[in-house]
Amino acid sequence: MNNSVSNTVRLLGAGLRALLVLTLVTGVIYPLVVTGIAQGLFNNKANGSEIKVDGKVVGSALIGQSYNLPLKKGQETPDADLKWFQGRPANGLGSNSINTQYKLLLSGATNLAADSGAVHGTCPAKPADGTLCAQVVAAKEAVVKDNSVPGYTVEPSDVPADAVTSSGSGLDPNISPAYAELQAHRVAELNHLSVAQVDQLVKDHTTGRTLGFMGDPRVNVLELNIALKDLVAGK
């Protein structure tokens, strides 16, 4: 009996020591080492890829933002502030309706199938309301209207796919160079800049494929608009 109790106490002691050691290693030492390496070698990425202007965080390079005008009385959806480059549509985003103490966006996609509203594989001129085709057609009409300025007319065939479709998260921070270039004339006119200046701005902020072959060329909208603001301020 005494041997049994002694063995039990010894095993419990060994188990407790193992628990304490593993807790210290995996719960304290390992996180501190990984955090230290991340902060030392990848400080910006480890902190959320923050973008700062004059020492103040204005957003993240990984999360898209909206550039809208203030809501008018009785208006539910704000109008886009067209002096800025616009990102991809944010269809699928939800709003926080549970804890209204905080103003949050709920990331998500539309969950509409690629052929939603399509007829024989293509979107009709007047698709049914609530379908993906209806969203795409409305978005394309808005892009054509908003970006057609005196001396420059946007044709429906000029509108790239990312201008009328949202990403899976609804928070894609990037747009294609084609969509940025399509907006250049409108941005130049509303900010009293030359088209050449704005085109150069887009080229300067175009990132190529990762490692030269992965993904597509892209333009970060937040970084582009920050550069646009600086260009306008210094003109």
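The values are calculated or read from the model by the stated rules, or taken from the named source; none is laboratory data. All values derive from a computational prediction rather than experimental measurement. Here Cβ is always computed from backbone atoms with ideal geometry, including for glycine, and neighbour counts include all displayed protein chains.
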- [ ] Go through the residues of the stretch 91-109 one by one and say whether even a single one is outside any loop (DSSP other than H, G, I, E, B), exposed (fewer than 13 other Cβ atoms within 10 Å of the Cβ), over 15 Å from the mean Cα position of the chain (by Cα) and assigned by TED's automatic domain parsing to the domain that holds residue 147.
- [x] yes
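Sort through 167, 107 and tell me the only one that's under 24 Å from residue 61 (Cβ atoms) and in contact with a Leu (Cβ under 8 Å, 6 or more places away or on another chain). Talk me through it step by step, then tell me what you get.
On the way: 167 fails: in contact with a Leu (Cβ under 8 Å, 6 or more places away or on another chain).
So the residue among 167, 107 that is under 24 Å from residue 61 (Cβ atoms) and in contact with a Leu (Cβ under 8 Å, 6 or more places away or on another chain) is 107.
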Open item on the list: Criterion first (over 22 Å from residue 107 (Cα atoms), hydrophobic (A, V, I, L, M, F, W, C) and at pLDDT 90 or above) does residue 69 satisfy it?
Closed with: no
Open item on the list: So residue 67 passes all but one of these: (1) free of Cβ contacts under 8 Å to residues at least 12 places away in the same chain; (2) within 29 Å of residue 232 (Cβ to Cβ); (3) in contact with a strand residue (DSSP E or B) (Cβ under 7 Å, 6 or more places away or on another chain). Which condition number does it fail?
Closed with: (1)
- [ ] Give the residue, chosen from 163, 138, that is of a type in the set (Gly, Ala, Ser), under 22 Å from residue 66 (Cβ atoms) and surrounded by fewer than 18 Cβ atoms within 10 Å (Cβ to Cβ).
- [x] 138
Task: One residue from 6, 60 being exposed (fewer than 11 other Cβ atoms within 10 Å of the Cβ) and either under 30 Å from residue 168 (Cα atoms) or among the polar types (S, T, N, Q) (or both) - done: 6
